[in-house]
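Worksheet for the structure shown next.
FYI, it's all coordinate maths here, none of it is from the lab. Small disclaimer: the values here were computed from a predicted structure and weren't measured. No Cβ is skipped: glycine too gets one built from the backbone with ideal geometry, and neighbour counts run over all protein chains shown.
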Amino acid sequence: MVALGIAWEAWLAPIRPGGWMLSLKMLPLALALPAIARGNRRTYQWWSMGILLYFTEAIVRATSDTGPSVPLAWAQTGLAVFTYCAILGHARQTRPAPPATGSDREG
C-alpha cells in the first residue's frame, strides 16, 4: 500500500504535474513498518485506525476522479480493506489471555 501510494502520487497519476509532495501522505505508514514487522501490538492498533483514512480517500477518489487515477484508487481501496482485515486477524490471534479471577482459584 505504501509503494502504491508513493507511485500513484509521484509518477502514475499525480493530481497535477509536479505534485509529488502529496506522496508524503504515505510517510506515517512507512515509518510504522519496522514496528509492524516486530509485531508491536500498539502499532497495529493505531495502524488499524489510520488505514481507514486511506480507505476513505481511496473511495472518494475512485468515485470522483477520472482517468488513470480511478483504477489506482480501487487498488488502494482493496489493499486498505485487506490490510484492515489482516490487522484484525492478527489482533485476534495475538490477544493476551484474560487475567485469572478469584473464582478460578482452587482452594
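Assuming a ≥ b ≥ c are the square roots of the Cα gyration tensor eigenvalues, decide whether the chain counts as rounded (a/c under 1.5), prolate (otherwise, with a/b larger than b/c) or oblate.
Cα axes put the chain in the prolate bin.
Let me know the shape class of the range 45-107, please: from the alpha-carbon gyration tensor, a ≥ b ≥ c as square roots of the eigenvalues, rounded when a/c is under 1.5, otherwise prolate if a/b is greater than b/c, or oblate.
Taking the square roots of the gyration eigenvalues as a ≥ b ≥ c, the range 45-107 is prolate.
Please arrange Tyr84, Tyr54 by counting, for each residue, the other beta carbons lying within 10 Å of its beta carbon, fewest first. If you can, show how the numbers build up before the last one.
Numbers: Tyr84 17, Tyr54 23.
Ascending number of Cβ neighbours within 10 Å: Tyr84, Tyr54.
At 0.36 nm per residue, and after removing the present C-alpha to C-alpha distance, how many nm does the segment from Met21 to Leu88 gain when stretched out fully?
Between Met21 and Leu88, full extension yields 21.0 nm more.
Would you mind working out the magnitude of the charge dipole of the chain relative to its Cα centre, with +1 at each Lys and Arg C-beta and -1 at each Asp and Glu C-beta, to the nearest 20 Debye? List each step's numbers first, then the result.
On the way: 9 positive and 5 negative charges, 42 e Å.
Taking the Cα centre of the chain as origin, the dipole is about 200 debye.
If each residue's Cβ is checked for other Cβ atoms within 10 Å, how do Glu57, Glu9 rank with the fewest at the top?
Ranking Glu57, Glu9 by Cβ neighbours within 10 Å, fewest first, gives Glu57, Glu9.
For Cα pairs less than 8 Å apart in space and 6+ apart in sequence, what is the mean separation divided by the residue count of the chain, i.e. the relative contact order in percent?
Details: 79 pairs, mean separation 25.9, N = 107.
It comes to 24 percent, rounded to a whole number.
Would you calculate a helix-derived [θ] at 222 nm for the chain, using -39,500 (n - 2.57) for each DSSP H run of n ≥ 4 and dividing by the full residue count, to the nearest 500?
-21500 deg cm²/dmol
Give me Ile59, Ile51 ranked fewest to most by other Cβ atoms within 10 Å of their Cβ, as a rough exposure proxy.
The fewest-first ordering by Cβ neighbours comes to Ile59, Ile51.
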